[in-house]
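Working notes for the structure below.
The numbers here are math on the coordinates, done by the rules we state, and not lab data. The structure presented is a predicted model; accordingly, all values stated were derived computationally and were not measured. Here the Cβ is made from the backbone with ideal geometry for all residues, glycine too, and neighbour counts use every protein chain on show.
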Amino acid sequence: MSQTAEANVKGENVIPTSRFRSFFRQLLKNKVAFSAFVFLVVIHVGVFLGPFIWTVNPDAVDPANALASWSAEHPLGTDDLGRDVLSRMLYGGQITLLVGLGSMIFTVLIGGLIGSAAGYFGGWIDTVLMRFTEAMLSIPNFFLALVALTVLGKSPMMVVLVIAFTSWMEIARVVYGETLKWKETEFVEASNAMGSSSMRTLIKHVIPQTIPSIIVASTLGIAWAILTESAISYLGLGIQPPTATWGNMLQNAQQYIWTAPILGVLPGVAITLVVLAYNFLGDGLRDMLDPKHLGK
Amino acid sequence: MIAAGENKTVEKKISQQEKNVLLEAQHLKKYFPIKEGMFKKNKRYVRAVDNISLKIFEGETFSLVGESGSGKSTLGRALLRLQEPTDGRLFFQGEEITSLGKKEMREIRKDMQVIYQDPFGSLNPRMKVSDIIGEPFEINRQKSGKEKDKKVCELLELVGLDPERRNRYPHEFSGGQRQRIGIARAIALNPKFILADEAVSALDVSVQAQVVNLMKDLQDQLGLTYLFIAHGLNIVRHISDRVGVMYLGHLVEVGEVEEMYERPAHPYTSALISTNPTPDPRAKREKVVLKGEIPSPSNPPSGCRFHTRCPLATERCRKETPKLTPLAEGRKVACHYPLI
């Protein structure tokens, strides 16, 4: 691994043995994206494995100990109801990150399906799906999300679905463009000439080509979803207490902004850093997956 | 090698009368509508293939030549229904395939395969060579697992590639090697008919010869019939039994390759052949240089479509479209004043 990397730096011809490995090598070279990647790995591992080490119940109320400063018992202090802030940050992070990932998965599914179907089949399918996409784009999606949550309820799953249904349009357009480009290639026609059904050709030959763009768009999509969830929770329309999320912790903290600023600073900084890291990673991936950068 | 090839050609010529017609087109047309604005109806068409009838015999190599934009590739694709013909009838092995449904057409496709021009664009860059060559088996649910792998190795050996390299990606191969991969994929299902659409045009000359010779060898081993679409007239002469010359969507001349190269009947054929470079620099030849470029197929000239550039054109050529008529044994030409 290190040998081939060295050879590559010297400009010698290196035949990449595996796409994953060459991809990882490129990631190593982009310092900002790599730092963001490492940071995100640490945050995700910490948030999901942390509660196994720090086993304090995040919902355990202790009014006698409310708004306490940091101590051995509560390393990050307690909130207005005397709940342990470290524990709430960990559990809240789980929900926030899961909402981000979950929304991204549904966003990619909806956007990928609509974009690839419109691009590949063309004709009236294209017209109907892409006009629908444009119509969705012209609705202010944050307010649509607020209305939908008010009407449909506020469970975490509902938040995921609502965010996904209001933010799939970007990915649909990206996949649509890529599909239009790739469906004209000779290997797509070759597949049809061999007797492949158009569905199989789409899945086997066209969609795999769009994956780099989907990866970039979905990385940026996670950042967007986390921000949206936080904003919704901050407005009190998202996931409801006592379930902690970084967003509703922020909302809760604003009453104590002068007495216990740490309550607002912690979730605020966490959200900012994670969103920033996802944006850096997305930008880095975009540069790396750009064909002009390949082979460099 | 070449001498043996010529002997074969002679044998083929003799037996052609008894040979079966493998693929036949009757009055085939492929028009592309020109979209003008959003609300206008499509009124004008590009007549890429205009009323072409031809027969391709079993075991022969039929070549289509002509300038860029003459409709060669469109004709090839329309013959295989990779692009739906606008009008006309198609027969494959005596069976009409013009109106077969998608599923029935898929069955027929096993017997008609394509080798593409671009060795970079015709192989999926994200698939291993073994998956690319194994794809026809997968599509037709024929072989799987070890059996498929064995067959893939056999095919790679057949086209002169190292089976050890089957788990690599296309970008790790050179242009000529990729074209061999494309050929291996095309012959995987033991087809009867192969459309070679500019199959060697993208390769450099020395590699062209190798690939063309490979195609000839495979033809002898597997009894293939080729429709060879090409630019290079020397390659066409080397590989073909019969040649069809296209100009602006029309078939202007059809005949045996040697006869046609020696004595072209259509002024356009004559011009094409006279501009073909020969290896002998001292050879004196009369070059027929054509004026101008090929006119737009959306607005073709009246009468004989070649009259705007033809040195022999008369008033009659401007008004009356010549039909493809038999001239001699196995020779047809669409010209009011054929050269022979």
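Give the order of B:304, B:310 when sorted by the count of other beta carbons within 10 angstrom, beginning with the fewest. Don't skip to the end; give the middle numbers.
Values: B:304 28, B:310 20.
Least to most surrounded, the residues fall as B:310, B:304.
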Greater than 24 Å separation of Cα atoms is the criterion. Which listed pairs, A:181/B:192; B:19/B:192; A:181/B:148; A:31/A:204; B:29/B:323, meet it?
A:181/B:192; A:181/B:148; A:31/A:204
Considering every pair of different Cα atoms, what Kirkwood radius, in Å, is found for region B:242-340?
14.1 Å
Scan chain B and hand back the longest stretch that contains none of the GluC sites (Glu not before Pro) lying in DSSP loops with at most 11 other Cβ atoms within 10 Å.
B:37-285
What angle, in degrees between 0 and 90 and rounded to the nearest 10, separates the Cα long axis of helix B:175-187 from the longest principal axis of the Cα atoms of chain B?
80 degrees
For residue B:113, what residues show an amide H to amide H distance below 5 Å, using hydrogens built from the backbone and excluding near sequence neighbours?
B:193, B:194, B:195
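Based on the inverse mean of 1/r over its pairs of different Cα atoms, what is the Kirkwood hydrodynamic radius of region B:165-208, in Å?
Evaluated over region B:165-208, this radius sits at 11.6 Å.
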Stokes-Einstein, Kirkwood over Cα pairs, the protein assembly as shown, 25 °C, 0.890 mPa s; D in µm²/s equals 83 µm²/s
For region B:204-214, in residue order, the Karplus 3J(HN,Hα) values (coefficients 6.51, -1.76, 1.60; θ = phi - 60°; whole Hz; Gly and Pro = x) are 7, 4, 5, 6, 3, 4, 4, 5, 5, 5, 4
Between the Cα axis of helix B:145-158 and the main Cα principal axis of chain B, the angle (0 to 90°, nearest 10) is 50 degrees
Treating the Cα atoms of region B:111-242 as identical point scatterers in vacuum, please give the log10 of the normalised Debye intensity I(q)/I(0) at q = 0.13, 0.15, 0.22 Å⁻¹, two decimals.
-0.49, -0.66, -1.42
Surrounding net charge for residue B:114, when Lys and Arg each add one and Asp and Glu each subtract one, Cβ distance under 10 Å
0
Non-local residues with an amide H under 5 Å from the amide H of residue B:97, with H modelled 1.01 Å from N and Pro and chain starts lacking one, are B:90, B:91, B:92
Please report the Cα spread of chain A along all three principal axes, rounded to whole Å, starting with the longest.
76, 54, 28
Sorted by chain and number, the residues with a modelled amide H under 5 Å from that of residue B:49, at a separation of 5 or more or across chains, are B:30
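If r is the Cβ-Cβ distance from residue A:279 to residue B:221 and R0 is 60 Å, what FRET efficiency results, to the nearest 0.05?
Plugging the Cβ-Cβ distance into 1/(1 + (r/R0)^6) gives 0.55.
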Give me the one-decimal nm value for the distance between modelled label points at residue B:325 and residue B:157, 7 Å along each residue's Cα-to-Cβ direction.
5.7 nm
Can you give the direction-averaged projected area of the convex hull of the alpha-carbon atoms in region A:84-173, in nm²?
6.5 nm²
Radius of gyration, Dmax [chain B; alpha carbons; angstrom]
20.9, 68
The protein assembly as shown - mean residue ellipticity at 222 nm from DSSP helices (-39,500 (n - 2.57) per run, n ≥ 4, rounded to 500)
-16000 deg cm²/dmol
Using alpha carbons only, how many degrees (0 to 90, rounded to 10) separate the axis of helix B:2-15 from the longest principal axis of chain B?
70 degrees
Looking only at region A:212-245, which residues have a backbone nitrogen under 15 Å from a spot 7 Å from the Cα of residue A:98 in the C-beta direction?
A:239-245
Helix hunt in chain A: which complete DSSP H runs extend at least 24 Å axially by C-alpha with mean Kyte-Doolittle at least 1.0?
A:31-53, A:85-121, A:207-234, A:262-289
